[in-house]
Structures are given as C-alpha cells and as structure tokens.
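These notes are about the structure you will find just below.
The values are calculated or read from the model by the stated rules, or taken from the named source; none is laboratory data. It should be emphasised that the depicted structure is a prediction, and the values quoted were computed from it without experimental measurement. All Cβ positions, even for glycine, are placed from backbone atoms using ideal geometry, and neighbour counts span all protein chains on display. Accessible surface is based on the protein model in full, side chains and every heavy atom, while ligands, DNA and RNA are left aside. Shrake-Rupley method; radii C 1.70, N 1.55, O 1.52, S 1.80 Å.
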Amino acid sequence: MQNTTIKRRVIGVDISNERTSFAIVDVRGNIIAHSFFPTVDYLDVNSFVSKLTEEIMLLAEANGGYETIRSIGISAPSASAISGCIENAANLPWKGVIPLQAMMRDRLGIAVALGNDAHLSALGEKIYGSAHGMKNFIVISLGVGLGSCFFSEGHSHEGAHGYAGEFGHTCLIDQGRDCGCGRKGCLEAYVAAAGIFQTAQEVMEESDEPSLMRQAEELTPRIIKEFCDQGDALAIETYRRTGYLLGIGLANYAGIVNPEAIIFTGGVSHAGHWMFDPLCESFENHLFGNMRGKVKILISELNDRERDVLGASALAWEVQEYSLFK
C-alpha cells in the first residue's frame, strides 16, 4: 500500500495595484498566517516574482514548513484562468502579457493556479459571504478599477478566453473620457477612483460655489465621502453623478444576466448612501420592467483583503496537485 500524505494547506495570493497580500489557508477556510508587501515597489515583473516567491516560502517555513503546502492560488487584475497569464493590465506596473502562473510554478515547484481578481472575489463571496446559497448573482469590485463576475446556476461564467465580466470596459459614452485600457468612454473612467476624482474636478469647474474639495490637499473617494457627510453640496453632486451613471451600466448588465443580487466589494463601495441612493434610483429607472424591484443591491460584509485571499485559496484547491519534490 502506498503511503500518501494528504496536504491540508494552500496559499492564497491577492495582487492589487497597491499591495500584494498572501495567506496560508487550511481546508476549513481558516487563515493560519498572512503577510503583504507593496506591489508598486517592484516595477519589473521578474523582481516582483522573486519577491513573492521568497515571501511565500518564508511564511510557509515559519508556519509548519513548505512541505505542508499543497498548491498556490493567485488573484490578479486582467488575469485569465485559461491562459494562466496577466494580459495588458490597465492598473498594474507591468505591461503586455505576463505568464505569471508558469513563472511562479517554475520558482516554487508546486501547483499554481491564476485567476481574474473579480472572479475570485466572487468565489470568495459565494463561499464565505453575502452570495452564500445564491445561484445567480453579480459581484462588482469597485476601487482603482471596476471589475465584475457573474454566477449562473451556481457556476461562474468565464467566457472563451477567461475575460467574461469586464464590466468596467463596456462603453458608456461614445468618444468619452480616456480609459487606462486605451479606449474612450469606458464605465470605469467614470465610476472608479480616478473617474470620481475627474467628476469632482468637473463639478468644481462648473460652479463658483464654495466646497471643502477646493482646499483638499488630496481628493480620494473616501475624502469626498467625508465631505458629503459634512454637507458639502459639490461633493454630494460628485457622488450623485457617479451613482447615476453606474446605475445605468448595472441596469444593462442585469438585463442580460437576470441576477438575484448585485453585491459590491472594493474601497469605493464604502461611499454609503451618497452614491447608493442615486445608484439604486437610476438602476430601477433604467432596468427592464419585468425585473424592477426583484434585484437586490448589497454591499459585501466581508473584509476585502480577507475575502480575496480566501477566493484565491479556493482556486488553489481546484488545481491538480503537482510537485517537483516527489
């Protein structure tokens, strides 16, 4: 009889434009240990891969040994689970096609799976969050970028090349604002962080009305929300416009997918009623009549970083086990 040791731990990695987080996760979804480092410190992808490999091995050795790790799951923007590559990411420092799955597998010597960050965020939401028990839902990731994933009859839809759900790069306004993807008029250019800043600038240019935004050293979605809380009319108008446009985009999305719920994740999802009141009104006004009043708009109750590494760890369990050390 063959003596086989079943490995009961994986590592989930979440790569965002600002930081790369990673955690050891057991079969029950418990986070055993976690760490992070700034993504922006590594403008060369080979240096980034070396740093990530080193940090993963150090974390594993300090928590039971590298030999206890079954596999690695990685979540990244513009990543394809089908190709195993990050392809032309608009908000990461590395351009072109990056074969990250193969690069990490060669360095680590064990199985590595790569998936789109929005898809894995949705997987984490289904297993651990607000989508638990749902079969048909959309998860929206709204922060520096705008991503999404939708589940149909309990399964995520990835499309022919792994890029289904690129909601942020649907065209909202013909020949509109420049987008990081190289096109014009994408929804992301209006409702993600940089787009909200640009809307704030436009609102201030259109009026001589006093505003706390005019004196701010830095304008971010969080700071604009704080100004809304203080009754700043131009800050409130900034989020009203943002919510209105996002509501239109979501109504079109829901009209095609027919979800039970749309669940928001990401930093901009904390804008509160200043964005979500106009969003929900616009959504209902633009939604196909037979669906009105039937689609829930929810905000994730999970910690963003924890959910995303858990989603990546769930992907790690699905990849076929492999090791150079056997």
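Couple of notes before you dig in:
- Ordering of 271-283, 70-82 by packing [mean C-beta count within 10 Å, highest first]: 70-82, 271-283
- Looking at the stretch 1-130 alone, DSSP beta bridges between its own residues are antiparallel in about 60 percent of cases.
- The mean accessible area for residues of the stretch 1-98, using a 1.4 Å probe and ignoring ligands and nucleic acids, is 47 Å² per residue.
- Mean Cα-pair separation over length for the stretch 78-146, i.e. relative contact order, pairs under 8 Å, 6 or more apart, %: 26
- Rounded to 10°, Cα long-axis angle of helix 233-257 versus longest principal axis of the chain: 60
- Alpha-carbon centroids, the stretch 17-96 and the stretch 255-326: separation in whole Å: 22
- Principal-axis analysis of the Cα atoms of the chain puts helix 45-61 at an angle of about 60° to the longest axis.
- Nearest-ten-degree value, helix 273-286 long axis tilted from longest Cα axis of the chain: 80
- Ile82/His155 FRET efficiency (R0 25 Å; Cβ-Cβ; nearest 0.05): 0.95
- FRET efficiency estimate (nearest 0.05) - Cβ-Cβ, Asp208 to His132, R0 45 angstrom: 0.35
- Of Lys184/Lys225; Lys225/Lys294; Lys135/Lys184; Lys7/Lys126; Lys184/Lys296, those spanning more than 32 Å from alpha-carbon to alpha-carbon: Lys135/Lys184
- Stretchable slack from Arg28 to Met57, in nm (0.36 nm times residue separation minus alpha-carbon distance): 8.3 nm
- Structure-derived Rg and Dmax of the Cα atoms in Å - corresponding label in (i) 21.0, 64; (ii) 20.6, 82; (iii) 19.2, 60: (ii)
- Full-extension gain in nm, His273 to Lys7, via 0.36 nm per residue minus C-alpha separation: 91.2 nm
- Probe 1.4 Å, all protein chains present, accessible-area order of Tyr163, Tyr128, Tyr66, largest first: Tyr128, Tyr163, Tyr66
- Of Arg241, Arg183, Arg307, the one that fluctuates the most in a GNM where the chain has Cα springs shorter than 10 Å: Arg183
- Dipole check for the chain: with +1 at the C-beta of Lys and Arg, -1 at the C-beta of Asp and Glu, and the Cα centre as origin, the magnitude is about 1160 Debye.
- Share of carbon and sulfur in the accessible area of the chain stands at 50%, probe radius 1.4 Å.
- The accessible area of His34, taken with all protein chains in place and a 1.4 Å probe, comes to roughly 130 Å².
- Given in Å, the Rg to one decimal and the Dmax to the nearest whole number for the Cα atoms of the stretch 1-133 are 14.9, 52.
- Rough spin-label spacing in nm, given labels placed 7 Å along Cα→Cβ, for Gln175 and Glu301: 4.9
- Think of the stretch 48-104 as having a plus end and a minus end, set by charges on the Cβ of Lys, Arg, Asp and Glu; of Val97, Ser71, Gly84, Val97 sits farthest toward the positive end of this dipole.
- Per-residue surface analysis assigns Lys51 an accessible area of about 50 Å², computed on protein heavy atoms at 1.4 Å probe radius.
- Average Cα contact separation per residue, the stretch 32-151, under 8 Å, 6 or more apart, as relative contact order %: 20
- Highest-fluctuation residue, Ala312, Ala194, Ala122 considered, GNM on the chain with Cα pairs under 10 Å: Ala194
- Its relative contact order, with pairs defined as Cα atoms under 8 Å and 6+ residues apart, puts the chain at 20 percent.
- Rounded to 5, percent antiparallel among DSSP beta bridges of the chain: 60
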